[in-house]
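Colleague: Sharing a structure, written as C-alpha cells. Questions coming.
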Amino acid sequence: MDEKVRVCNRCLNKVYLSCLEQYEFQCFEHDEDLFLVETHLVDKKDHLKWVAEALGCTEETARYVQDEYDGYIAKCCVHDDPVDIPLIL
C-alpha cells in the first residue's frame, strides 16, 4: 500500500499535528492551525514530486529535505524552549 501524506488544502504543504487541543493539524506555511476538513491525503510519492518541482531539485533531494524538516519539527515540538537547530541544505 502506498504511503500517504496529509497536506493543507490551500498550499499543498505537509501539515503536522497541532499543539492545540481543538485542532487536529497545523500548517507552517500559513502559521495556522487546521481542522481535519481543511486538509487532505495525497500519495507520498506524488507529494515528493511536487516538493522537488517547487524546490527545483531531484526527488531524492526533496525526500532528504522533507525528512530533515520532519526531524526539525519533531525536535521543536518536544521542547518548551526555542530550539536552535540549523537546517542546512
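Colleague: Output yes when any residue across region 8-18 is in a helix (DSSP H, G or I), touching an Asp or Glu at 6+ places or on another chain (Cβ under 9 Å), farther than 21 Å from Lys75 by Cβ and among the basic types (Lys, Arg), and no when none is.
Modeller: Filtering region 8-18 for residues in a helix (DSSP H, G or I) gives none.
Taking every residue of region 8-18 in turn, none turns out to be in a helix (DSSP H, G or I), touching an Asp or Glu at 6+ places or on another chain (Cβ under 9 Å), farther than 21 Å from Lys75 by Cβ and among the basic types (Lys, Arg).
Colleague: Would you be able to tell me the number of residues in region 20-59 that are without any contact (Cβ under 8 Å) to a residue 40 or more places away in the chain, part of a helix (DSSP H, G or I) and not charged (D, E, K, R)?
Modeller: Summing the residues that are without any contact (Cβ under 8 Å) to a residue 40 or more places away in the chain, part of a helix (DSSP H, G or I) and not charged (D, E, K, R) in region 20-59 gives 8.
Colleague: Does region 39-50 include one or more residues that are modelled with pLDDT of 90 or more, at positive phi and not hydrophobic (A, V, I, L, M, F, W, C)?
Modeller: Taking region 39-50 as the starting set, the residues that turn out to be modelled with pLDDT of 90 or more are 39-50.
Right, trim to at positive phi and you get none.
No, that holds for no residue.
Colleague: I'd like to check something: does region 60-74 contain any residue that is out of contact with any strand residue (DSSP E or B) (no Cβ under 8 Å at 6 or more places or on another chain), outside any loop (DSSP other than H, G, I, E, B), surrounded by 12 or more Cβ atoms within 10 Å (Cβ to Cβ) and of a type in the set (A, V, I, L, M, F, W, C)?
Modeller: yes
The values are calculated or read from the model by the stated rules, or taken from the named source; none is laboratory data. Please read these numbers as outputs of a predicted model, since none were measured by experiment. Cβ coordinates were reconstructed from backbone atoms using ideal geometry, including for glycine residues, and neighbour counts include every protein chain displayed.
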